[in-house]
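These notes are about the structure you will find just below.
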């Protein structure tokens, strides 16, 4: 059974990550990485579905034992990607999708150089602003903060492997582009380090 791909999908607010990932997950070829957190479950949240809810002590034990692929602390709580669960998915041959921010993506790339990092973007900065304002769910202060954050996130773009633009109304097409990227990645020479040896095995026998 082939090893699955570790796929990191990042993008600024308004890039449509959730919608695009839903299209990818619908095929059954991908598994969504469930993060761990030390905060308590909110109403209607389910352990193992929304997050793996663990104690702060357990989280820090996992950090010390290199049991987290990436993590961050936000508002007094830890959030991160458990190593064990991720490696089990990859060993099963399925591709694992991590929807994480740029700092976590850099942590992943350091531990897993073969991870595929994809930056998902709206077609333009103006389109991002229109999407955020069109939601009509956030204050002006929050919108401006998200727009400012996008400028910081885009500084990491050269360190990603691919950039995919999510055009307005084009989430399904965007997911298809990501599938094409991941299909091609299966044939990257870096993923077949024993190809030459295997090619000549019969001749040597």
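The values are calculated or read from the model by the stated rules, or taken from the named source; none is laboratory data. These numbers were taken from a predicted model, which means no experiment stands behind them. A quick note on method: Cβ atoms are made from the backbone with ideal geometry, for glycine too, and the neighbour counts reach across all protein chains shown.
Here is the figure for segment 20-52: residues that are farther than 15 Å from residue 89 by Cβ, over 13 Å from the mean Cα position of the chain (by Cα) and buried (at least 16 other Cβ atoms within 10 Å of the Cβ) total 4.
The residues of segment 2-19 that are assigned to a helix (DSSP H, G or I) and out of contact with any strand residue (DSSP E or B) (no Cβ under 6 Å at 6 or more places or on another chain), listed by number, are 18, 19. So, residue 57, is that one more than 23 Å from residue 116 (Cβ to Cβ), at pLDDT below 95 and surrounded by fewer than 19 Cβ atoms within 10 Å (Cβ to Cβ) or not? Judged against the criteria, residue 57 is not a match.
Segment 111-205 holds helices (runs of 4 or more DSSP H) entirely within its bounds, and those carrying 3 or more residues that are touching a helix residue (DSSP H, G or I) at 6+ places or on another chain (Cβ under 9 Å) and surrounded by 10 or more Cβ atoms within 10 Å (Cβ to Cβ) map to 125-135, 140-153, 171-185.
Filtering segment 67-105 to residues that are in contact with a strand residue (DSSP E or B) (Cβ under 8 Å, 6 or more places away or on another chain), in a strand (DSSP E or B) and surrounded by fewer than 17 Cβ atoms within 10 Å (Cβ to Cβ) leaves 72, 73, 77. In the set (1) surrounded by 18 or more Cβ atoms within 10 Å (Cβ to Cβ); (2) part of a strand (DSSP E or B), residue 108 fails one condition alone, (2).
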